[in-house]
Amino acid sequence: MSVFRGGTSKRTSGAISLMVLWCLAIPQAALADKVDPDSPLTTDQQRQLRKAAGYAKKGRGDKAGPLFNDILATCTDLPKCMAVATYTEQYGHSTVDARKAIMQKAIEMCRTHEDYILVAMASRKYECYEVTRQAIQHLISVSQTIDQLTDLARKAIEVSLTDVAHLAMEKEYSLVKTVPEAVEYANQTGLMGFVDLQRKCVKELIDDEPSTHQLCLILRRIEPFKIKDMNRYLLKKALDQAGSTEDFSEIWEAARRLNQKDIFDLAAFRGKKMMLMKRIRGDRQAHTERVEEWKQGQDSSQQQIKNQMGTGDSSLPSGF
């Protein structure tokens with residue numbers, strides 16, 4: 001089941017951030033004696049939570065646990081679960097089991113992409129790592145297209161889940177099939193700060209291209225990434241692949257543009273050498289053709305003389 005679409009609006013992203021901040025920050029009013037009117041919990045639930053928190057504060061997890069469980073049973077949506085979780089955070093070991101139960105129910109109530117991001121972040125904060133793993137696995141598994149995975153990565157970065165974003169972009173790379181897609185992927189990973197994925201993509205893009213001309217075109221596309229060693233790596237491969245004066249001319253121009261003087265000089269040398277060799281081969285070919293024409297002319301003249309002698313042509317000098 002697809003739980004989200006790519007291209008979510010800024011308003012949705014802002015709502016996620018606000019929800020995260022609300023759920024993960026413990027309002028002082030929530031722990032005060034008075035009822036918090038902004039809480040998603042009912043007045044009775046808040047009263048019961050204060051009672052449970054009182055036991056937890058005294059280290060009476062045996063008393064607090066059943067109360068938290070009873071309240072949890074009355075939670076009908078994700079915001080309520082997350083609000084209950086905030087009450088358990090500051091009481092350490094005495095509420096560990098309650099937190100695990102709350103986060104497990106929270107993930108069962110997730111319905112949207114944003115819900116799973118929220119639960120992944122909260123469960124990590126509350127050290128419920130199994131729930132974190134479940135949320136991350138779900139987020140990655142339901143994202144099946146390049147757009148969905150990019151959208152997931154961006155939202156994960158917004159709430160500091162960089163490892164989720166990295167996993168999403170790793171999966172996205174397996175869907176990249178064309179050069180334009182690879183260039184866009186390298187651009188996106190660079191913007192997200194995933195230099196390892198960007199470099200991997202650029203290197204494989206270079207390694208997979210056998211044409212010097214195409215390599216020089218790719219260079220134009222990757223120059224904005226400012227990965228100098230990859231630019232040089234491409235130029236050196238282009239030199240190895242070059243097979244014409246046009247190839248060397250393109251490399252010469254690219255090396256001049258990137259201020260790679262040694263490659264610039266080498267491309268110029270090899271290009272001139274190839275031009276000289278072509279000229280020498282052309283001169284030799286022309287000389288060979290002229291010699292061949294002369295030989296054919298000589299053979300034709302000799303054959304004509306023989307033919308005339310054989311027919312007794314009187315026009316031929318007798319020698320007397």
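List of remarks:
- Rounded to the nearest 20, the size of the Cβ-charge dipole of the range 207-302 about its Cα centre is 460 debye, with Lys and Arg at +1 and Asp and Glu at -1.
- When you restrict to C-alpha pairs under 8 Å that are six or more residues apart and normalise by the size of the range 207-302, the relative contact order lands at 22 percent.
- Charge context of V195, other residues only, Cβ under 14 angstrom, K/R +1, D/E -1: +2
- Packing-based exposure ordering (other Cβ within 10 Å, fewest first) of M309, M103: M309, M103
- Here, P(r) means the percent of Cα pairs in each 10 Å bin from 0 to the largest distance; for the range 207-302 it is 15, 37, 18, 11, 10, 6, 2, 0.
- Stokes-Einstein D (µm²/s) once Rh is taken as the Kirkwood radius of the range 114-215 over alpha-carbon pairs, at 37 °C in 0.692 mPa s: 228
- Selection among Q214, A238, A255 by position relative to the dipole of the range 207-302 gives A255 as farthest towards the positive end (Cβ unit charges, Cα centre).
- For peptides 108-120, 87-99, sequence by mean Cβ density within 10 Å, most packed first: 108-120, 87-99
- Proxy reagent accessibility, fewest Cβ within 10 Å first, across W294, W252: W294, W252
- ³J(HN,Hα), Karplus 6.51/-1.76/1.60, whole Hz, each residue of the range 55-68, x for Gly, Pro: 5, 4, 4, 8, x, 8, x, 5, 8, 5, x, x, 5, 4
- Magnitude of the charge dipole for the range 228-275, about its Cα centre and with charges confined to Cβ atoms of Lys, Arg (+1) and Asp, Glu (-1), is about 160 debye.
- Among the listed pairs K80/K125; K203/K272; K171/K228; K125/K155, a Cα-Cα separation exceeding 24 Å is found for K203/K272; K171/K228.
- The range 29-145: relative contact order as a whole-number percent, Cα under 8 Å and 6+ apart: 18
Laboratory data are not the source of any read-out in this text; all were calculated from the coordinates shown. What you are looking at is a predicted structure, and each value in this text was computed from that prediction instead of being measured. Note that each Cβ is placed from the backbone with ideal geometry, even for glycine, and that neighbours are counted across all protein chains shown.
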